[in-house]
Structure formats: C-alpha cells, structure tokens
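The values are calculated or read from the model by the stated rules, or taken from the named source; none is laboratory data. Remember, predicted model here, so these are calculated numbers, not experimental data. Heads up, the Cβs are rebuilt from the backbone with ideal geometry, glycines too, and the neighbour counts pull from every protein chain shown. Note: areas computed on protein heavy atoms with side chains; ligands, DNA, RNA excluded. Shrake-Rupley method; radii C 1.70, N 1.55, O 1.52, S 1.80 Å.
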Amino acid sequence: MTVLNASGRPFDAVLCDLDNVIRFYDMTHVAKLERVAGLAEGTTARVAYAPEADLPLLLGKISKEEWVDSIVLGLAGEVSQLQARELGTALAEAPFWADDVVVTMLRRVREHMPLVLVTNATLELESDLESLGLSDFADHVVSSARVGVVKPDREIYEIAAEQAEIAMERCLFVDDRLENVEAAVALGMTGVHYRGPEDLQKVLGFVLDVEVARAQRVSGPADRQVGGPLDR
C-alpha cells in the first residue's frame, strides 16, 4: 500500500531508468546487416547482451571497442569475422533519441522533487546525455559503470536514494525491466514497470494535475482569448 506523507504526496523522489524509458535506439541498420548475413533478427543483441559480454561493459571494466571485440568473438562460426565486426560496430554505434513526452513529464516533476537517473550504462553515458541535450536533466545520475554495481543489486538503489537524500520507502522507482522494479519494491520503494508514457502519466498525475490547475488559475477567464485568428 502506498502511504501519503504530510504533504499528501505518495513519494518524495523519482528514481528513473534511462534506456527504454527515456532513451530509445534505432536498430534498423543492425537488422538489415543481420538479414544480409543470414542471421535471425536480434542475434547480435543476444550475443552482445549476454552477461559475459555485457557485464564488464556495464561495470566500467572495458571500453565500447573491447565490447565490440567480445561481440565478434561471440558471433564466431555464425558469420565471417568481417561481418561480425560490422554487426558489432553497428550495434555499438546505433543512433538513439529521447522520448520528448517522457522528458517533458520528468522535467516538470523535477520542479517538485528530486529526480535521479539510475541506469546500467557505459563509461560513455555522460557524453551520450550531452548529445541528447540532457546533461542537466536530472539532479543526479547513478551509472553502473561509475559506481561499479548494476541493477538489480541492492547497493545501486541505496546509492540512488542517498543521492536523492530521500528514504527508500519515499522513492518512486521506474524501470522497463520487471526484475529491477521488483528489487526496488523489495527495498520498500514504490515501483512502476514502465511500458509506455501512460504508465508515468498515471503515477505522476498528482503533480502534473496540480500544474495544470495552477496554470488555469494564473491565466484566469479574463486572460483567455476566444475567436482569435486560429479559432475555427
């Protein structure tokens, strides 16, 4: 059960995953290369995200170039070495973008409470956020590659709550991976298994609705123009 505090809020900080919540990747080129190589779509990702290849990257122990080397090794026997490297490089350099709807919601929520990104990421996270225009998006960023621990390990949640300066039972945790959400809930957090913007809209509605109501009060009926040049 979610408990409200004296302010009537169900939580006092938002801890949010990055990939597949805020950031999304375009895998079109990788899929095309897989078809040309005679591989089933998703084969490269399966090899790349296997723990033996992916975990050292997420713990900051290897570079992205070394990760590509491990993908090439994992694809040995399925395609030529040249094709394997082309596939690994395409995956590592896949273009990405940020969901503007989610970014807007979280920016608005940050005006009312701390926002902390909690992500299993690489040593390139800071430059990635800069390229997305999100360098100053959150109050804090907890990256697995920087802290040396990955979700769903308890310690990364503790670090995030400490950064927010909010007790864990007063934190909302948002992630697209159910096991990560379950780990947060086990620690007393409110958890949201993210599948689309509507999941955030629902849980953050108490903040967003307050902003809408405030804007309406500020504008007031006398300030509203009816029948303007674009009204039809």
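Residue check: V174 meets all listed conditions (1) closer than 15 Å to V102 by Cβ; (2) open to solvent by 40 Å² or more (accessible area, probe 1.4 Å); (3) outside any helix (DSSP H, G or I) but one, namely (2). When E162, E179, E198 are checked against the criterion of being out of contact with any strand residue (DSSP E or B) (no Cβ under 6 Å at 6 or more places or on another chain), in contact (Cβ under 8 Å) with a residue 24 or more places away in the chain and either closer than 14 Å to T119 by Cα or not in a loop (DSSP other than H, G, I, E, B) (or both), E179 stands alone in meeting it.
Among E86, E66, E41, which is of a type outside the set (A, V, I, L, M, F, W, C), in contact with a Lys or Arg (Cβ under 8 Å, 6 or more places away or on another chain) and open to solvent by 20 Å² or more (accessible area, probe 1.4 Å)?
Values: E86 fails: in contact with a Lys or Arg (Cβ under 8 Å, 6 or more places away or on another chain); E66 fails: in contact with a Lys or Arg (Cβ under 8 Å, 6 or more places away or on another chain).
The unique qualifying residue is E41.
Exactly one residue out of R170, R195, R224 is over 28 Å from K61 (Cβ atoms), modelled with pLDDT under 95 and not acidic (D, E): that is R224. Find the residue count for the range 133-152, including only residues that are in a loop (DSSP other than H, G, I, E, B) and crowded, with 16+ Cβ neighbours inside 10 Å. So the answer is 8.
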